[in-house]
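Only one structure is covered here, and it is reproduced in the block below.
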Amino acid sequence: MTTTARAYLVNRFQTDAVVLRERVTLMARGTKVPGPDAATSRRMADACDEVVAMLLAVAGSGHAATELEAIMALVPLLEHRATEQQSNPAVRSVYVGAATRIREVRLAEAQSSPADGVPADDLEDVDDVDDVDDDDVDDDVIVFDEDDDRADGTP
């Protein structure tokens, strides 16, 4: 099945919100979990929900490139939200992560043009794209470190 950019990104941040809320539940039961406290995890989950709402607000055009450009228009808003969260690095990381993910999806789309025989709208392997800063962090592992810039552990 082919995944659109919006569907991929929505799923990614919905999943992050679920994981964060599971952390809150574990902490409420008395389980010690490394990383941010329950209140911060809850705020991070709420930020993930906000990112999902922004993505869902982008009107579907039926044309992948047009839809992706509309999603790219969210990047400045996400960066502004990140700036507003300077005092809360964990929540800031959600917005920075969303902007980074959007850029990664755009890069993946550009690298798999229809001219090379690869469907441009197949985003299942977008996690294989290196981070913009070329670090060696595994994008699929969520790390909850207050010094991280993103909820999923990538700077």
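Bear in mind these aren't lab numbers, they're just calculated from the coordinates by the rules spelled out. Since we're looking at a predicted model, the values are computed, not measured. Note that each Cβ is placed from the backbone with ideal geometry, even for glycine, and that neighbours are counted across all protein chains shown.
Table for the structure above
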{"item": "Phi-based couplings in Hz for the stretch 84-92 (Karplus 6.51, -1.76, 1.60; Gly and Pro marked x)", "result": "5, 9, 4, 7, 10, x, 5, 6, 4"}
{"item": "Kirkwood-Stokes translational diffusion coefficient of the stretch 55-109, alpha-carbon pairs, 10 °C, 1.306 mPa s, µm²/s", "result": "135"}
{"item": "For the stretch 1-112, average projected area of the Cα convex hull in nm²", "result": "7.8"}
{"item": "Unit charges on C-beta of K, R, D, E only; dipole of the stretch 1-79, Debye", "result": "420"}
{"item": "Built amide H within the under 5 Å cut-off of T3, gap 5+", "result": "L123, E124"}
{"item": "Compactness of the stretch 22-67 as Cα Rg over 2.2 N^0.38 Å, two decimals", "result": "1.73"}
